[in-house]
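Report on the following structure.
The values are calculated or read from the model by the stated rules, or taken from the named source; none is laboratory data. If you're wondering where the values come from, they're calculated on a predicted model, not measured in any experiment. Reconstructed Cβ throughout: ideal geometry from the backbone, glycine too, with neighbour counts over all protein chains shown. All accessible areas refer to the heavy atoms of the entire protein, side chains included, with ligands and DNA or RNA removed. Shrake-Rupley method; radii C 1.70, N 1.55, O 1.52, S 1.80 Å.
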Amino acid sequence: MSKTSLTLGFVPLTDCALLAVAKERGLFEAEGLDVRLSREASWANIRDKVVSGVLDGAHMLAPMALACTLGAEGVTTPMIAPMALNVNGSSIGVSTSLAAQIAALDRDAPPESPRTARTLRRLIEMRRASERTLAFAVVFPFSIHAYMLRYWLAEAGIDPDLDVRL
């Protein structure tokens, strides 16, 4: 017998909109499902509540399901990511101050052009002796955001584990 009463967690970001719209438009009910949406504070909350069974499922970062299945953060809990609510749309942003420093080193590029991390590597090398290590934030260690940032840095010869703090 299939379970028809479900509690689904979400983090209030734009890509959770599909769950909210489905709930408001009665799409779950049309499929015979009684769904309660649970707003959660963080990705770690989502993970922990799905692992412990408090939530039946959730809007979560797809790599989190893989990390939980592999036991990458401790407890091994088999999970699947049956659908994607958002594809692409991620970007790498830097502070105004860091952007200005990068632009000053890359004077040949127009100000509106995307920057590679190659100029950032030059800046890191210049700062190494005199200033603190640059720090970058990601939403979760096993997120597409973390993988994208690591790739962007590594492509330019920056070691994401040694040359910066994540």
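General observations
- When Met60, Met83 are checked against the criterion of being assigned to a loop (DSSP other than H, G, I, E, B), free of Cβ contacts under 8 Å to residues at least 12 places away in the same chain and closer than 28 Å to Val21 by Cβ, a single residue qualifies: Met83.
- Test: residue in region 16-32 that is touching a Gly at 6+ places or on another chain (Cβ under 8 Å) and not basic (Lys, Arg): no
- Scanning region 127-151 for residues that are touching a residue at least 24 places away in the same chain (Cβ under 8 Å) and over 25 Å from Leu70 (Cα atoms) yields Thr133, Leu134, Ala135, Phe136.
- Residue within region 5-14 that is modelled with pLDDT under 90 and under 28 Å from Thr76 (Cα atoms) present: yes
- Of the criteria (1) among the polar types (S, T, N, Q); (2) part of a loop (DSSP other than H, G, I, E, B); (3) open to solvent by less than 50 Å² (accessible area, probe 1.4 Å); (4) farther than 23 Å from Arg39 by Cβ, which one Thr77 fails: (4)
- Close pairs from region 35-56: first on the phi < 0 side of the Ramachandran plot and assigned to a helix (DSSP H, G or I), partner of a type outside the set (Val, Ile, Thr) and open to solvent by 30 Å² or more (accessible area, probe 1.4 Å), Cβ under 6 Å, at least 6 apart: Ile46/Ala58; Ile46/Met60; Val50/Ala58
- Extreme residue, nearest to Phe142 (Cα to Cα), among residues of region 18-34 that are among the hydrophobic types (A, V, I, L, M, F, W, C) and free of Cβ contacts under 8 Å to residues at least 60 places away in the same chain: Ala20
- Some residue of region 95-102 being in a loop (DSSP other than H, G, I, E, B), open to solvent by 60 Å² or more (accessible area, probe 1.4 Å) and on the phi > 0 side of the Ramachandran plot: no
- Options Val51, Val11, Val35: the member that is of a type in the set (Val, Ile, Thr) and open to solvent by 40 Å² or more (accessible area, probe 1.4 Å): Val51
- The single condition from (1) open to solvent by 40 Å² or more (accessible area, probe 1.4 Å); (2) part of a helix (DSSP H, G or I) that Leu153 fails is (1).
- Set side by side, the residues Pro78, Pro141 differ, and just one is under 30 Å from Gly53 (Cβ atoms) and at pLDDT 90 or above, which is Pro78.
- Breaking point among (1) in contact with a helix residue (DSSP H, G or I) (Cβ under 7 Å, 6 or more places away or on another chain); (2) free of Cβ contacts under 8 Å to residues at least 60 places away in the same chain, for Thr69: (1)
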